[in-house]
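Scroll down for the structure; my scribbles are underneath it.
The values are calculated or read from the model by the stated rules, or taken from the named source; none is laboratory data. Because the structure is predicted, anything quoted here is derived from the model rather than measured. Neighbour counts run over all protein chains shown; Cβ positions are idealised from the backbone, glycine included. The area values use the complete protein model at the heavy-atom level, side chains included, leaving out ligands, DNA and RNA. Shrake-Rupley method; radii C 1.70, N 1.55, O 1.52, S 1.80 Å.
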Amino acid sequence: MITEEDIKEGLATKFLGHKVYCFEEVSSTNDFALRLARDGAPEGTLVLARSQSGGRGRLGREWCSPPGGLWASVILRPIITPAQAPQLTLLTGTAVARTINCITGLDALIKWPNDILVNGKKVGGILTEMATSPDGINYVVVGIGVNLDVDLNEFPWAFRDATASLNKEAGHQVSMVGFLHQMLKEIEALYLVLKEKGFEPILDEWRRLSATLGRRVKALGQDRIVKGQAVDVDSAGALIIRTGEGKIERVLAGDVTILR
Ligand code: BT5
């Protein structure tokens with residue numbers, strides 16, 4: 001199990017991961033980080049667990065979190081509007097894809113909005129949650145799950161075939177601490193770009209790593225299904241789809257299936 005000392009040694013960030021909580025098991029690192037953030041924990045605080053008993057995806061879905069995966073949450077206190085919060089999901093997805101590429105040489109891609117894919121299979125996901133007040137965002141917790149070295153036989157049938165474990169895809173053992181260090185560096189670098197230059201440079205990098213843009217997709221939005229060509233993502237992180245009838249639709253949140 002990774003300890004606070006392991007993380008501190010060789011960590012090359014300005015603030016991300018400087019305050020760390022490591023657990024053998026928690027229900028969800030996001031839940032723990034949300035509580036810490038509510039109680040005033042500083043920006044950059046990191047929560048890590050060897051396994052999660054109640055790991056969560058979006059919309060209350062289950063996130064399988066056995067030992068061997070990287071289950072982490074970071075606390076951010078960005079000065080953005082709640083409507084801009086999806087930017088942090090795209091930013092973190094970009095950072096995770098870059099980390100996988102840097103550490104393994106594999107081409108990791110991002111399926112809008114929050115899936116990290118390697119060889120077409122989901123190797124990781126991002127869960128962004130926040131607390132708001134009338135003045136804006138109080139804090140954001142970004143949860144990151146990456147299947148570094150998990151036994152997929154333990155995963156439910158329903159999504160086992162669509163899931164990847166990074167070590168297996170890479171063909172070699174990836175160091176959890178090495179991966180975490182690189183990932184924190186990538187997230188922080190992009191976060192500082194966001195603060196200094198805005199979202200556009202992040203979005204450019206996201207577009208480059210996108211598995212979705214240019215593809216025919218079926219997007220399941222909150223209350224509707226949109227089918228067509230994924231043409232872009234806008235500054236709020238919404239997916240822009242051109243339908244067969246040539247209409248431009250904007251999907252703010254949802255799930256995407258890539259069609260052949
Ligand atoms: C996600 O949700 O992809 C967000 C996952 C975020 C997990 C991290 S781990 C640290 C932090 N603490 C938490 O409690 N969560 C965050 P979504 O797009 O809704 O995808 C969920 C779906 O992915 C499930 O319904 C399954 O189909 C699939 N799935 C579950 N576990 C998986 C795994 N370990 N690897 C790949 N796919 C998985």
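Taking the conditions exactly as written (open to solvent by less than 10 Å² (accessible area, probe 1.4 Å) and either modelled with pLDDT under 95 or closer than 23 Å to Arg208 by Cβ (or both)), does Leu109 satisfy them or not? It is false that Leu109 is open to solvent by less than 10 Å² (accessible area, probe 1.4 Å) and either modelled with pLDDT under 95 or closer than 23 Å to Arg208 by Cβ (or both). Among all residues of the stretch 90-103, there is at least one that is more than 13 Å from the ligand (Cβ to nearest atom), closer than 21 Å to Asn147 by Cα, free of Cβ contacts under 8 Å to residues at least 12 places away in the same chain and outside the structural domain of Gln229 (by TED's automatic domain parsing).
Residues in the stretch 155-182 that are within 14 Å of the ligand (Cβ to nearest atom), surrounded by 16 or more Cβ atoms within 10 Å (Cβ to Cβ) and assigned to a loop (DSSP other than H, G, I, E, B): Phe155, Ala164, Ser165.
Kindly check whether there is at least one residue in the stretch 45-55 that is farther than 18 Å from Ile202 by Cβ, open to solvent by less than 10 Å² (accessible area, probe 1.4 Å) and in contact with a Lys or Arg (Cβ under 9 Å, 6 or more places away or on another chain). Checking the stretch 45-55: at least one residue is farther than 18 Å from Ile202 by Cβ, open to solvent by less than 10 Å² (accessible area, probe 1.4 Å) and in contact with a Lys or Arg (Cβ under 9 Å, 6 or more places away or on another chain). Gly221 satisfies every condition listed in (1) assigned by TED's automatic domain parsing to the domain that holds Gln52; (2) surrounded by 12 or more Cβ atoms within 10 Å (Cβ to Cβ); (3) within 30 Å of Ile241 (Cα to Cα) except (1). Being in contact with an Asp or Glu (Cβ under 9 Å, 6 or more places away or on another chain), among the polar types (S, T, N, Q) and open to solvent by less than 20 Å² (accessible area, probe 1.4 Å) is a property that Thr99 has. Considering the conditions (1) among the basic types (Lys, Arg); (2) in contact (Cβ under 8 Å) with a residue 40 or more places away in the chain; (3) closer than 27 Å to Gly198 by Cα, Lys19 is excluded by exactly one of them, (2). Mind counting the residues in the stretch 232-260 that are assigned to a strand (DSSP E or B), of a type in the set (A, V, I, L, M) and surrounded by 13 or more Cβ atoms within 10 Å (Cβ to Cβ)? Of the residues in the stretch 232-260, 7 are assigned to a strand (DSSP E or B), of a type in the set (A, V, I, L, M) and surrounded by 13 or more Cβ atoms within 10 Å (Cβ to Cβ).
Just one of (1) modelled with pLDDT of 95 or more; (2) open to solvent by 10 Å² or more (accessible area, probe 1.4 Å); (3) in a helix (DSSP H, G or I); (4) more than 8 Å from the ligand (Cβ to nearest atom) fails for Ala37. It is (2).
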